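J.: I'd like to ask some things about the structure below.
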Amino acid sequence: MYFSWESIPYAKPPVGDLRFEDPQPYDQIWTSEFNATVFPQYCMQWYRDHGVNKLRGQEDCLTLSIYTPKPRGVQYPVVVFLHGGQFMMGGGPEFDPEPSMMGGRFVMIKVNYRLGPLGFLSTADPTLPGNYGLKDQLLALQWVKENIAAFDGDPNKIVLLGHGAGAASAHLHMLRPSLANIAKAAISMSGVALNPWAIIANPRENANRLANAVNCPTTKGSQALKTCLKSRNATDVVNAVQTLLNFGYNPMVPFGPVVEPANARNAFLTQQPEAIIKSGRFSHIPWLASYTSHDGNFNAAELLRINPQTGTEYINELNQNWLDLAPQNLFLRHISSDPRSYAKGLKDAYLGDDEFSTKTYNEVEAMYTDVLMKIGVHKAMQLHSRYSKAPVYGYIYDIPSNYAIGYDLALRTDIPFGASHLDDITLLLRPVFRSTARPDEVVVSQRLVNLLGDFADFGGLSYGTCNFERNTAANANSLRLLRIRKDSCETVIQDV
């Protein structure tokens, strides 16, 4: 049905002295046939669900995979996919491209990029500015622009697609004027740069905590810290992630994108995203942003696990620790100057006088959906509607799968989770943990494939018989989003 090329290197291996450095273009000259049938490796990560030792992957991981429809000799539009995983985990190898290739509409490319401390550790100065994972993505995009014609891709019809952290990454790439020279449009599914977890506010603090865990000095300056971390085994550096977690895999993004110093060499981001949007100095290309109706499950569902020490669900422990844990785990420091008061206000607004328990899980999940996803997506769409010269579109996905990420995180199947994080993207790129698509989901998958193909090919945007409405400055306070349900799709108005 399609051709595949796996594990194509786009950068030199970021090992040894290239650890914590900008990616370097791959410059090996191949004198013999390259074996593109070898399945790619994950970038090294401390994975949420991987037994007692949660380490997986390797440092030498900067590759991409390309999938081209048959027949060859045709110029297809191109979709470049950035995976999610809270900037800490995940990878291209997790996703089978077959659903996207069913229609033969476009070339699909999956990009691996550095994660966790190896990809995002920062001391907030020019010595260790951070954002190495974002710079990996940028180098991969440049590689695609220069080389995709050799794989039957049209370099003038590239769409950047991201999910979760990859969606926030796609938005961050949009906030650079240069993306317009590479991509004609962008899609952010379940993540934007204005979500509170998308930008790390205290990178130096987290860098010091990790350095202490591997016995590297934190008082002798950033260069000494960097030199020491380069000398440590990569496994020790990544294993140290667990020392920054306080409650399950929380905070879910101890290492992620940062605002770099203005004098940092080859800086990727030097201003807060909101300021960039208001300045108008970004890529004015069509943008589609979305979220699922129960997106907060990707973090909240973990609260339903049983704590082996107490024999009860972790969610019950929030009754004693909410004001301490919420500011960290919901990234309220990025939202309010008084995060503890904000946390109290959230509890009052969503639970009232009720306690945290399995009976109030739906209210807790709604809070997580709003704080970690929905509010940021709405705000980003509103700002782009006001300041972008290009169309801004949005959708809400509301079709639950039979088995999805919430069940994996909760380790239980007795609670219905609704349309969860990943339920839409996994109909385009299928991971092993997702339930087999139902007949109605097969139809949804085909419609999403056509949506991608049309957006990349000629800029049209529709889902089945429903057309997306463009959001403009005139209606920026009342966003038009397409709500996608099992048997219907309709435009809904969301007041911001």
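J.: With an 8 Å Cα cut-off and a minimum separation of 6 or more residues, compute the relative contact order for the range 67-128 in percent.
T.: Working: 69 pairs, mean separation 25.4, N = 62.
After rounding, I find 41 percent.
J.: In whole Hz and in residue order, list the ³J(HN,Hα) couplings for the range 33-47 that follow from phi through the Karplus curve 6.51 cos²θ - 1.76 cosθ + 1.60, θ = phi - 60°; x for Gly and Pro.
T.: Listing the rounded values in order: 5, 8, 7, 9, 10, 7, 4, x, 8, 5, 6, 4, 7, 9, 8 Hz.
J.: With the contact rule set at Cα under 8 Å and sequence spacing of 6 or more, what percent relative contact order holds for the range 90-202? Can you show the working numbers first?
T.: Numbers: 129 pairs, mean separation 19.9, N = 113.
Averaging sequence separation for qualifying contacts and normalising by length gives 18 percent for the range 90-202.
J.: Need one number: nm distance between label points at residue 348 and residue 213, each 7 Å from Cα along Cα→Cβ, rounded to one decimal.
T.: Output for this residue pair reads 3.6 nm.
J.: If you don't mind, there's one more thing I want to ask. Assuming 0.36 nm per residue, please report the length gained on full extension of the stretch residue 323 to residue 33 beyond their Cα-Cα distance.
T.: Numbers: separation 290, 0.36 × 290 = 104.40 nm, distance 5.88 nm.
Here the segment from residue 323 to residue 33 would lengthen by 98.5 nm.
J.: Expressed as a rounded percentage, what relative contact order does the chain have, with Cα pairs under 8 Å and six or more residues apart?
T.: Values: 1094 pairs, mean separation 75.4, N = 496.
15 percent.
J.: For n ≥ 4 DSSP H runs only, could you compute -39500 (n - 2.57) per run for the chain, divide by its residues and tell me the 222 nm figure to the nearest 500?
T.: Values: 15 runs with 145 residues, N = 496.
Result for the chain: -8500 deg cm²/dmol, rounded to the nearest 500.
J.: I've got another one for you. For the chain, with every protein chain kept in place, what is the accessible area per residue (1.4 Å probe, Å²)?
T.: Working: 18760 Å² over 496 residues.
Heavy-atom SASA per residue in the chain reads 38 Å².
J.: Given Cβ point charges of +1 (Lys, Arg) and -1 (Asp, Glu) and nothing else, what value in debye, to the nearest 20, does the dipole of the range 311-449 about its Cα centre take?
T.: Values: 14 positive and 18 negative charges, 158 e Å.
Charge dipole of the range 311-449: 760 debye, to the nearest 20.
J.: Tell me, what ³J(HN,Hα) does each residue in the range 385-401 have, in order and in whole Hz, if you take phi through Karplus 6.51 cos²θ - 1.76 cosθ + 1.60 with θ = phi - 60° and put x for Gly and Pro?
T.: Each residue of the range 385-401 in turn: 4, 7, 10, 8, 8, 10, x, 10, 10, x, 8, 10, 9, 9, 10, x, 7 Hz.
J.: Applying a 10 Å radius around every beta-carbon, put 11-19, 254-262, 106-114, 173-181 in order of their mean neighbour count, most first. All intermediate terms of the calculation are to be shown ahead of the outcome.
T.: Values: 11-19: 16.7, 254-262: 23.1, 106-114: 27.6, 173-181: 18.7.
Highest to lowest by the protection proxy: 106-114, 254-262, 173-181, 11-19.
J.: Can you list residues from other chains, or at least 5 along the same chain, whose modelled amide H is less than 5 Å from the amide H of residue 176?
T.: The answer is 283.
J.: Once neighbouring chains are kept in place and the probe is 1.4 Å, which whole percent of the accessible area of the range 218-278 is contributed by carbon and sulfur? Each step should come with its number before you reach the end.
T.: Details: 1130 of 2540 Å².
Percent of accessible area from carbon and sulfur atoms in the range 218-278: 45.
J.: Still on this structure, I have one more. Under 15 Å from a point 7 Å along the Cα-to-Cβ line of residue 486: which residues of the range 413-428 have their amide N that close?
T.: Once the point is set 7 Å along Cα→Cβ of residue 486, 416-420 turn out to lie under 15 Å by backbone N, inside the range 413-428.
J.: Between the range 80-129 and the range 417-496, what's the alpha-carbon centroid distance in Å?
T.: 21
J.: Please name whichever of 381, 419, 432 sits farthest to the positive end of the charge dipole of the range 348-452, dipole taken about the Cα centre and charges placed at Cβ: Lys and Arg +1, Asp and Glu -1.
T.: Value computed over the given set: 381.
J.: Return the long-range amide H neighbours of residue 91 (sequence gap of 5 or more, or a different chain), with a cut-off of under 5 Å between placed amide H atoms.
T.: The list, which skips near neighbours in sequence, is empty: none.
J.: Still on this model: Where in the range 143-182 does the amide nitrogen come within less than 14 Å of the point 7 Å from the Cα of residue 281, taken along Cα to Cβ?
T.: 175-178
J.: As an exercise, use a Förster radius of 25 Å and the Cβ-Cβ distance of residue 415 and residue 440 to find the FRET efficiency, rounded to the nearest 0.05.
T.: On the way: r = 22 Å, r/R0 = 0.89.
Here the calculated transfer efficiency is 0.65.
The values are calculated or read from the model by the stated rules, or taken from the named source; none is laboratory data. Nothing here was measured: the structure is a model prediction, and the numbers come from that model. As a convention, Cβ positions derive from the backbone with ideal geometry for all residues, glycine included, and neighbour counts pool all protein chains shown. SASA here: full protein model, heavy atoms, side chains in, ligands and nucleic acids out. Shrake-Rupley method; radii C 1.70, N 1.55, O 1.52, S 1.80 Å.
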